[in-house]
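The numbers here are math on the coordinates, done by the rules we state, and not lab data. Note that the coordinates shown come from a computational prediction; the quantities given were computed from them, not determined experimentally. In this analysis, Cβ positions are derived from the backbone assuming ideal geometry, glycine residues included, and neighbour counts consider all displayed protein chains.
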Amino acid sequence: MYQRIIETKVDVTSYDELQEEYKKLIDEAKSQVSNAYAPYSGFHVGAAVLLENNEIFAANNQENSAYPSGLCAERVAMFFANAQYPDVPVKALAIAAHTRGKFLSEPVTPCGSCRQVLLETETRFDKSITILLYGENHVYKLDNVKQLLPLCFEKNSLDGE
Ligand code: THU
């Protein structure tokens with residue numbers, strides 16, 4: 001038996017240090033939290049997807065009294081972007097979350113199901129998606145979705161690769 005150490009790289013930065021394109025994407029994600037439908041959790045999430053054609057699709061979480069029927073902000077935004085532009089790769093995604101009247105001070109991190117969905121888009125277009133996780137104190141920047149989901153199951157896995 002031996003151990004394999006699996007590392008992930010996260011740039012810990014801040015909003016002010018980011019390039020303008022990424023600031024704008026975070027601004028879009030932040031502006032979406034006010035439209036979230038989150039009466040059950042009170043956890044309001046905004047997500048913004050930047051496509052290669054420079055269009056931005058932004059959305060938020062949509063909850064339901066039958067809890068599992070709701071959907072996270074990342075998936076609402078990503079599915080809508082892919083539905084409108086099935087042939088255009090995604091360049092970047094930003095998320096921000098607001099609860100008890102303020103944005104999280106540390107970066108919000110996506111749930112496992114969202115990571116899996118984001119990975120599908122990344123592999124589908126074979127194009128890395130920059131991930132920006134917003135917090136008031138820090139922003140985490142990841143070069144691609146794989147950094148968020150080590151030991152992932154992806155389409156190559158179906159071929160036994
Ligand atoms: N949620 C998101 O929209 N994105 C995340 O990254 C984490 C969780 C939503 C789902 C649910 O509406 C609420 O936040 C609490 O889990």
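Pairs with C-alpha atoms separated by more than 27 Å, drawn from the list K30/K146; K30/K155; K102/K155; K24/K127, are K30/K155; K102/K155. Label sites at S41 and A66, each approximated as a point 7 angstrom past Cα along Cα to Cβ, lie 1.9 nm apart. Counting other Cβ atoms within 10 Å, which chymotrypsin sites (Phe, Trp or Tyr not before Pro) in region 25-74 have at most 15 and lie in a DSSP loop? Listed in order of number, the matching sites are Y40. By the gyration tensor of its Cα atoms, with a ≥ b ≥ c the square roots of the eigenvalues, what is the shape of region 13-149: rounded for a/c under 1.5, prolate for a/b over b/c, or oblate? Oblate is the answer for region 13-149, as a/c is 1.5 or above yet b/c matches or exceeds a/b. Restricting attention to region 71-161, which chymotrypsin sites (Phe, Trp or Tyr not before Pro) occupy a DSSP loop and are surrounded by at most 15 other Cβ atoms within 10 Å? Hits after loop and neighbour filter: F153.
Scanning the chain for trypsin sites (Lys or Arg not before Pro) in DSSP loops with at most 15 neighbouring Cβ atoms within 10 Å leaves 10-99 as the longest stretch between them.
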